[in-house]
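Asker: Questions regarding the structure given below will be posed in turn.
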Amino acid sequence: MNYAHIVSQMTVDEKIALLKGKDFWHLEGVERLGIPSIMVTDGPHGLRKQSGDSDHVGLNNSEPATCFPTASGLAATWNRELVEQVGVALGEETRAENVGVILGPGVNIKRSPLCGRNFEYFSEDPYLSGEMAKSHINGVQSQGVGTSLKHYAANNQEFRRLTIDSVIDERALREIYLPSYEIAVKGAQPWTVMCAYNKVNGTYASEHHRLMTEILRDEWGFEGIVVTDWGAMNDRVLGLKAGVDLEMPGIKFGNAKKLKAALESGALDMATLDRSVERIVRLICMANETLQQPHSYDKDEHHALARQVAGEVVVLLKNEGDVLPLDAKEGVALIGRFAKHPRYQGAGSSQIIPTKLDNLHDEVVKLIGAEKVQYADGYVGQGDVVDQGLIADAVRVAQSAETAIVCIGLTDLYEVEGRDRSHMQIPPAHAALVEAVAAAHDNVVVVLSNGSPIEMSWLGKVPAVVEGYLGGQAGAGAMADVLFGKVNPSGKLAETFPIKLADNPSYHYFPGGPRTVEYRESLYVGYRYYDSVAQEVLFPFGHGLSYTTFEYSDLQLDRSTMADTETLTVSVKVTNSGKVAGKEVVQLYVRDVEAGVFRPNKELKGFDKVALEAGETKTVTFEIGRRAFAFYDVDRADWVVEAGEFEILIGASAHDIRLTASVEVTSPTPQATRQPSFYDDFPKGTAVPQYQFERLLGRPVPDNSLEKKGAFTLNTPIADMKGTFIGRQLQGLMKKQMDTLIGDEDEDSAMRVILDAMLEEAPLRMMLMAGEGKITGDMLDSLVTIINGKTLRGVGAMVNAIRSK
């Protein structure tokens, strides 16, 4: 189809209209030219197509859809093929609901375990994250509908995510925070990439030409459209020139007027506008070609797939004395409310209504019979209050069974979109329950439901711990399969579990604020830090046990010396040396033995999941190229391989390295004298000095002080203006509107937490989206002038106008 010809037939007004949403979930069309309006909607682990009036925080119910495990769980499978199958199923459901694009997956790096949205992201490692995203996207788009790779870039926290400036040195940006996007773009070509809310090194992502055009399109070859996160557009003209094509949901009237004025003044040329319009027309036509055909899917088949996937999500963290698998002939006590009321997904824009929902109690009863299963609540609600009566009852029930299965984790208020955690502890009632049952019973299995790492002060008191993550609607059935040996656990951690929060390298700088967050730890995220400074951890990256054992042997490299332009073939034999079939994730790490720049101790550069019958041996083969050995040279603005020796490390986790071999790499870049380690100048666990960070940045750190009266802008959070009369009025009005929207929701509901965070952190410009076109940019510009004390004229009229609208 000749999309340029279609665009040439449009009026200027029609073109400009296409650059924003028709409403919250629909794109504009041009009916007279046969360009329909299509729908996009939230994902990423299930389709959240809202029924009735639209919103972006889950206030209104959505159509039932299969709830697969969240991204933190999918990454724990380390199974590209299985994640692609999930993508195919999501694509089928997207088609069936007549939706053109599902908004996901998210590949933001898990810089800190505290990020409230970590359950939606894959990993602390960019290679693993990128590979999972690539499989996910290829699966969805095989069905003729699109995806949206998000949130590009450096959106690694919820605190002030709408306005925070992520201050990152160039090597960290290139080596840690961008590669997951690069891998997905080059390997899957998502139809859309979603730009983040935040600033990156001083510039809003929505107007960041270097990120959106120079890197994304010119370097990586991205062919689709860039869409804003909902309400992320700052300056529409600058955004369009930077390469951000589609504003969602868009502001009625205001930005169209600005774009037209920019065209007339010459500040914006028609070719730039046409380029984005053509991309959007192409997207609509691609989706429409699929959506013209009716489609359906089998809900039972998708539920069965969700159970299969959740079975591979499960990570066996600890299994002393081979407590697991359990004997179906013996009785069990299921302790903890999660056993009957599962926590299976996160709270926020990804929250969906499942087509059906398993719970562990009923699934265990199906496996071993009701007469062998006893139950006790152990805690209620969010678990913030310890009920000694419930705990005493739980201990009594536990003592009457051969094994006590204690179901705990994080409740929905502990990890939720819009708010970061302040600690890594589980709810007090959950911790007290484990302690009490473990003191009264020797055979305790702890089953965790959580989207991110937790501290485990009780770990030494229980023989077995099973991580289920947020396993989706069939997660409980899969957990029952694992506990009783119907499925052999094969999940591996895609993130490190530190012993305590203070051990995390971002501890001193997360979440920053009020205006900036400094990524002072640079490259040293997750295992890259823990391994480099020999920091003991609770469970290492890549860790996961099995009901069988695996032996590694015969590591072979196809050459001992190679040029940096060549590909190295690595092979290793893996044998299932146990008595039952199982799956093993073979992990390949690369270490630069004598680096002339600071580099992590080792980095993941390959992995493969292999299924083996008892006694079976298979050869696993990897091919790794130049980027596996390279670092980003800031001065050359390019990837560089330093000549010298590199170790190829094969292991079952970042700590469990089984085999090692070496290869000499030749390169035009000679081996430099080894530089001091990044952490040599100061003790591990202490803050990186400002001078060190500024040396990495190549500039002083930006001002991080709160904006003061006289300097407020449309991007100032309304809560930061509460020192002014009008600021207090606006905050009160917004609070009243939120209360009206939320109705009778409990004070401690996840939805209220999300809305309270929005109220606290939303910049003034977000009122343009909330006002549905009734509040104009001119109104807010005048209001800022008044708040800054430059004039008092019209104060009462302005406040009354906004109150009425």
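The values are calculated or read from the model by the stated rules, or taken from the named source; none is laboratory data. The model shown is predicted, which means the values in this text are computed figures rather than measured ones. Every residue, glycine among them, receives a Cβ derived from its backbone with ideal geometry; neighbour counts consider all protein chains shown. Note: accessible area is taken over every heavy atom of the protein model, side chains too, but ligands, DNA and RNA are not part of it. Shrake-Rupley method; radii C 1.70, N 1.55, O 1.52, S 1.80 Å.
Asker: Write down the accessible area per residue of the chain in Å², having rolled a 1.4 Å probe over the full set of protein chains.
Answerer: For the chain, the per-residue accessible area is 36 Å².
Asker: Below 12 angstrom from the Cβ of Ala188, what's the summed charge of the other residues (Lys, Arg +1; Asp, Glu -1)?
Answerer: The answer is -1.
Asker: Considering just Cα atoms, how many Å³ per residue does the convex hull of the range 451-558 enclose? Display every interim value, and only then the final one.
Answerer: Values: hull volume 21.9 nm³, N = 108.
Enclosed volume per residue, from the Cα hull, is 203 Å³.
Asker: Less than 11 Å Cβ to Cβ from Gln731, Lys/Arg counted +1 and Asp/Glu -1: what total charge do the surrounding residues give?
Answerer: That works out to +2.
Asker: Going down the list Lys500/Lys602; Lys134/Lys252; Lys299/Lys492; Lys199/Lys736, which pairs span over 32 Å between their C-alpha atoms?
Answerer: Exceeds cut-off: Lys134/Lys252.
Asker: Please list, in order along the range 461-469, the HN-Hα scalar couplings obtained from phi with the Karplus expression 6.51 cos²θ - 1.76 cosθ + 1.60 (θ = phi - 60°), rounded to whole Hz, x for Gly and Pro.
Answerer: With the stated coefficients, the range 461-469 comes to 9, 10, x, 9, 9, 10, 8, x, 6 Hz.
Asker: So for the pair Asp327, Ala614, with labels modelled 7 Å out along Cα→Cβ, what separation do we get in nm?
Answerer: Between Asp327 and Ala614, the label points sit 1.7 nm apart.
Asker: Filter Lys356/Lys583; Lys20/Lys774; Lys49/Lys186; Lys22/Lys49 down to the pairs with a C-alpha to C-alpha distance above 19 Å, please.
Answerer: Violating the 19 Å limit, Cα to Cα: Lys356/Lys583; Lys49/Lys186.
Asker: Also, quick follow-up: So between Arg275 and Ala563, what do we pick up on full extension, going 0.36 nm a residue minus the alpha carbon distance?
Answerer: 99.6 nm
Asker: Here's another thing I want to ask about it. When the accessible area of the range 93-230 is computed with all protein chains present and a 1.4 Å probe, what percentage of it is carbon and sulfur?
Answerer: Of the solvent-accessible surface of the range 93-230, carbon and sulfur hold 40 percent.
Asker: Checking a compactness column here: for the chain, what do you get for Rg(Cα) / (2.2 N^0.38 Å), N being the number of residues?
Answerer: Dividing the Cα radius of gyration by 2.2 N^0.38 Å gives 0.96.
Asker: Measure off 7 Å from each Cα along the Cα-to-Cβ vector at Lys366 and Gln671, then give the distance between these two points in nanometres to one decimal.
Answerer: My value for the distance between the label points is 5.9 nm.
Asker: Taking the Cα centre of the chain as the origin, how large is its charge dipole in debye, to the nearest 20, when only Lys and Arg (+1) and Asp and Glu (-1) carry charge on their Cβ atoms? Kindly include the intermediate steps, with their values, before the conclusion.
Answerer: Values: 81 positive and 109 negative charges, 405 e Å.
The dipole of the chain has a size of about 1940 debye.
Asker: Please give the net charge around Asn198, taking every other residue with its beta carbon less than 10 angstrom from that of Asn198, where Lys and Arg add +1 and Asp and Glu add -1. Spell out each step's value before the answer.
Answerer: On the way: positive: Arg160, Arg161, Lys199; negative: Asp165, Asp229.
With Lys, Arg at +1 and Asp, Glu at -1, the neighbours total +1.
Asker: Right, something else. As an exercise, use a Förster radius of 35 Å and the Cβ-Cβ distance of Asp13 and Ala637 to find the FRET efficiency, rounded to the nearest 0.05.
Answerer: For R0 = 35 Å, the calculated efficiency reads 0.30.
Asker: Taking 0.36 nm per residue of separation and subtracting the Cα-Cα distance, what length does fully extending Thr724 through Ala304 add?
Answerer: My answer for the length gained is 145.5 nm.
Asker: Can you figure out the FRET efficiency of Thr785 with Thr686, using R₀ = 41 Å and their beta-carbon distance, to the nearest 0.05?
Answerer: Computed FRET efficiency for Thr785 and Thr686: 0.35.
Asker: Among 639-647, 200-208, 322-330, how do they line up by average Cβ neighbours within 10 Å per residue, starting with the highest?
Answerer: Result, highest mean first: 200-208, 639-647, 322-330.
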